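The values are calculated or read from the model by the stated rules, or taken from the named source; none is laboratory data. Just so we're clear, the structure is a prediction, and the values are computed from it rather than from any experiment. Note: ideal-geometry Cβ built from the backbone for every residue, glycine included; neighbour counts use all protein chains shown. SASA here: full protein model, heavy atoms, side chains in, ligands and nucleic acids out. Shrake-Rupley method; radii C 1.70, N 1.55, O 1.52, S 1.80 Å.
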Amino acid sequence: MARTGRPIAQPDADNVVATLRRVRGWSQAQTAEALGVSRSTVSELERGIYAPKGPVLRLCQLLMAEAAADSGE
């Protein structure tokens with residue numbers, strides 16, 4: 001996939017990767033390790049260059065659900 005410098009998915013309040021990091025209090029490196037991707041991929045997901053999909057999206061959703069359960073939500 002060629003990079004054009006233009007975001008594919010606009011970053012917004014619903015950005016699942018940024019939300020995951022905020023909820024968990026993780027760095028980009030910690031998030032990357034948990035998701036099995038590189039730190040630069042986490043940065044690109046947060047900036048909207050790529051939209052999380054497939055296993056990465058599902059893992060983000062599971063980790064956020066786990067964090068919500070831990071906090072009693």
So in the stretch 14-55, with the set limited to residues that are outside any helix (DSSP H, G or I) and touching a Lys or Arg at 6+ places or on another chain (Cβ under 8 Å), which one is modelled with the highest pLDDT? S27
Of all residues being under 16 Å from R24 (Cα atoms) and among the acidic types (D, E) in the stretch 35-73, which is least open to solvent (accessible area, probe 1.4 Å)? Just the residue, please. E46
